[in-house]
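Laboratory data are not the source of any read-out in this text; all were calculated from the coordinates shown. Since the structure is predicted, the reported quantities are computational estimates derived from the model, not experimental observations. So basically every Cβ, Gly included, is an ideal-geometry build from the backbone, and we count neighbours across all protein chains shown.
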Amino acid sequence: MGRQAIRDHRRSGLSTVGVLVVMAVFLTPIALAFLGSLRPVGTSPPTTIDLYPAGADLSNYGELVGRSSLRRETLNSLLVAAISVPAGTLVASWAGFAIARLPRRAALFLLGLTLVAAMIPVTALFVGRLVLFRLSGLTDTPVPLMAQALIGVSPLLVLLFAWSYFTIPREIYDLAREAGLGPFRTWWHVAMPMRIDAVGVAAAVAFMISWGNLLDPLLYVYDERWFTLPLGLASLAELPPTDQGLVLAAAVFAIAPVLVTAFVAHRFIYARRW
Amino acid sequence: MRRGVALVLVFVVTAVGCGPGSDDGVTRITVMVAGDPEEIDAYRAVVDTFDRSQEAVDAELLPFAERDDLILRLSTSIAGGQPPDLFLMNYRYYGQFAARGALEAVEPYLRDSAAFSSEEFFDTAMTPFEWDGEQMCLPQNVSSLVVYYNADLFEAAGVALPKDGWTWDDMVGAAEGLTRDDDGDGTTDVYGLGVDPEIIRIAPFVWSNGGTLVDDEASPTGFSFDARAVIAMQRFFDLRTVQGVTPTDEEAESEDLESRFINGGLAMLMESRRVVPTFRAIDAFAWDVAGLPSLGSPASILHSDAYCMTAGSDHKDAAWSFMEFALGPEGQRIASEAGRTVPSLRSVATSDAFLDPDALPSHAQVFLDQIPRLRAVPVISTWPEIEDTANGLLEEAFYGGGQAVEVAVELASQTRDQFARAEG
């Protein structure tokens, strides 16, 4: 085995160890949450590290499924995600494409604006957004929960798409123009298919933002029937110490879709030669 | 795919078109509350019963898990011009909204009410909800700080159970007799007492010792701990640093006091009525409740929440009709049955709805006996900030061996600006 091969082998080994360490850091809390979720309701909270609770069973998951409020909140979260993720990804993609195709000076100006938007503290927008929703007559509806789709979910997604479309060689855009394609068809037939990996990553991020969105339902929903899963989890977190198994079961239940999404996003990230 | 898109569109159209704001002749009001799931269930039962009892008003509950969430939502909705009609809040926190003119005084409604009169409520709970001489909100409970105790641990240690009229020294003696290291490994297995080092826990002992908390109870301009107050504070700190009868900082962090009590690792716990629904599930040992020990004259601190009406509500009469129900005998009885509240209406507090002989704690009467001894912290707009600052300093001193004299000076200094900004 040559020196280069030995170096490559070592590098590969180190890389594997690194991946395992990172996985351990992130998966250990999830594994502990799952084990804790097996502790039946009404059991005294543990006083020491107790990896496998006495009387462990899956009864907390049955209890969760039986809670009509949690079922409704989960359904609401899914429906909100079903609308805001594709719509938000689409808007972010359009905005990013527009920035990428503008003359350099205008593009830099808009990139700067997007960066500024990303830095505005969310608390500064609470009242303004509520006034907007109130004047639009939307506060009794779930629309405020999806409204962030109109700005591409997050300025960071717009930046991701802008950067992604910037990396497409200018010659390709020129060829599209010579073929008679307008901006929309260039985006649809050329740019977006070439950067489908960015679409996947952006959609995954949009889903995670939507799924974990606590503030919007907390601030803008006036009808409990439109409460989403994060509010349900916050409510369960107030259960007494004897019911912590149920709280952890709900946490595992809420994390599962995020894990699936992260796995899907990971496939897109690997598909792209960043 | 097309079917999926259609379903989503149906969802949006239905949501926008058939929301609770739709006009069908029924007045809809929103009631914001915060609490744990059991508490929310009790409020929901009150709201549902009210909705079933009449057809003109449809009350909708808007529940939040934490008080801070409710305050954030309330502040945003008031500033944004769409406040709820009613909300439930502790007397220590409503001042910030009253000072902004965001509340509608209930005084005129109460004066004309056929459902009840102000005399039917405990004065102790009514007074803190007066703002600028007017009854601003109406209390739904009149809880207080008491001592929960594990009777089995007392019996095993041969220590006499707490009784009415017991003193601070009695409590310290009992706590010392109950604190033990069973296996001799240097780690305490059972602590005699659990108490959070907070201003609302120390205040009753300051008052009991004849001390003062602030310079002027009606219009305070700052903390003013006199010698008696400092002595009371020092004796409170001594529980950890001298007698060692309360868990250490690390132990309190690793297992909260409520869990430690449930697990049998704490013989006594100072808490409000809040923990009763959880403790009713304990079957490993017998427990009961006693009044606070005194350092001189008996004293405790008021814990009370009230329904407040917002000035921006478009349905004040409907909101008042809900208040009449929720705070009347039937509403208070429903809320009381969950175990968490001490009713503010005298007739309900002295009925079986609260003093149910079959429900724990056996000595529920203790909560009523405390009422004449209750005092309230100042009702000013910046009190939540003051409490945050004070609690940080007190926690540091309690666990870190601080001296009460220095803490008193530091408390007065660090909260001066907060008092200066206060209205109330």
List the DSSP H helices in chain A whose Cα atoms stretch 15 Å or more along the helix axis and whose mean Kyte-Doolittle hydropathy is at least -0.5. A:3-36, A:68-101, A:104-119, A:155-166, A:196-211, A:244-271
Can you give me the three principal axis dimensions of the range B:77-236 from its C-alpha atoms, in Å, biggest first? 63, 37, 35
Counting Lys and Arg as +1 and Asp and Glu as -1, each charge on the Cβ, what is the dipole of the range A:1-158 about the Cα centre in debye, to the nearest 20? 780 debye
Partner shielding of A:231-241, taken as the mean number of other chain Cβ atoms within 10 Å, equals 6
Taking a ≥ b ≥ c as the square roots of the Cα gyration tensor eigenvalues, with a/c under 1.5 meaning rounded and otherwise prolate when a/b beats b/c, else oblate, which class fits the range B:280-424? oblate
What average number of partner chain Cβ atoms lie no more than 10 Å from the Cβ of the residues making up A:132-141? 4
Amide H contacts under 5 Å for B:Val190, placed H, 5+ residues apart: B:Arg180, B:Asp182
HN-Hα J in Hz across the range B:267-272 - Karplus 6.51, -1.76, 1.60, θ = phi - 60°, x for Gly and Pro: 7, 9, 9, 8, 8, 8
Could you give the distance between the Cα centres of the range B:55-114 and the range B:357-424, to the whole Å? 24 Å
What's the center-to-center distance, using Cα atoms, between the range B:116-191 and the range A:196-272 in Å? 40 Å
Select from B:Pro108, B:Pro63, B:Pro220 the residue whose mean-square fluctuation is largest in a Gaussian network model of chain B (Cα-Cα springs shorter than 10 Å). B:Pro108
Only counting other Cβ atoms within 10 Å, I'd like B:Glu258, B:Glu134, B:Glu119 sorted with the fewest neighbours first. B:Glu119, B:Glu134, B:Glu258
Per-residue Cβ neighbour rank within 10 angstrom, fewest leading, A:Met119, B:Met89, A:Met194, B:Met126: A:Met119, A:Met194, B:Met126, B:Met89
Note down the magnitude of the dipole of the range A:147-226 about its Cα centre, charges +1 on Lys and Arg C-beta and -1 on Asp and Glu C-beta and zero elsewhere, to the nearest 20 debye. 180 debye
Note, the range B:255-260: 3J(HN,Hα) by Karplus (6.51, -1.76, 1.60, θ = phi - 60°), whole Hz, Gly/Pro = x, goes 8, 5, 4, 4, 5, 4
For chain B, divide the Cα radius of gyration by the Kirkwood radius and give the resulting Rg/Rh value with two decimals. 1.01
For chain A, which semi-axes, largest first and in whole Å, follow from the square roots of 5 times the eigenvalues of its Cα gyration tensor? 39, 30, 15
Using θ = phi - 60° and Karplus 6.51 cos²θ - 1.76 cosθ + 1.60, couplings along the range B:213-225 (whole Hz; Gly, Pro as x): 9, 10, 6, 8, 4, 7, 9, x, 10, x, 5, 8, 7
Sequence-distant or interchain residues sharing an amide H contact under 5 Å with B:Thr30, placed H: which? B:Glu60, B:Asp85, B:Leu86
Which is farthest toward the positive dipole end of the range B:86-211 among B:Pro108, B:Thr167, B:Val195, measuring Cα position about the Cα centre, with Cβ charges +1 (Lys, Arg) and -1 (Asp, Glu)? B:Pro108
With +1 on the Cβ of every Lys and Arg and -1 on the Cβ of every Asp and Glu, the dipole magnitude of the protein assembly as shown about its Cα centre, in debye rounded to the nearest 20, is 4900 debye
Given a cut-off of under 8 Å on Cα pairs at least six residues apart, what relative contact order in percent is computed for chain B? 25 percent
For chain B, modelled as a GNM with alpha-carbon contacts under 10 angstrom, which of B:Thr350, B:Thr341, B:Thr382 fluctuates the most? B:Thr350
Would you mind counting up the charge near B:Pro162? Only other residues with Cβ under 9 Å from its Cβ, with Lys and Arg at +1 and Asp and Glu at -1. -2
Full extension between B:Phe285 and B:Val26 adds, at 0.36 nm per residue less the Cα distance, a length in nm of 88.2 nm
Using a Gaussian network model on chain A with a 10 Å cutoff between Cα atoms, which of A:Leu79, A:Leu229, A:Leu159 fluctuates the most? A:Leu79
Suppose we keep just the alpha-carbon trace of the protein assembly as shown; what are its Rg and Dmax in angstrom? 29.4, 97
Counting only DSSP beta bridges with both residues in chain B, tell me the antiparallel percent, nearest 5. 60 percent
Using amide H atoms built 1.01 Å from N in the peptide plane, name the residues 5+ places from B:Gln140, or on other chains, whose amide H lies under 5 Å from its own. B:Asp305, B:Ala306, B:Tyr307
For peptide A:117-126, compute the average count of partner chain beta-carbon atoms within 10 Å of each residue's beta-carbon. 1
How big is the gap, in Å, between the Cα center of the range B:268-336 and the Cα center of the range A:114-189? 48 Å
Cβ-based exposure ranking for A:Thr48, B:Thr221, in which fewest neighbours within 10 Å come first: A:Thr48, B:Thr221
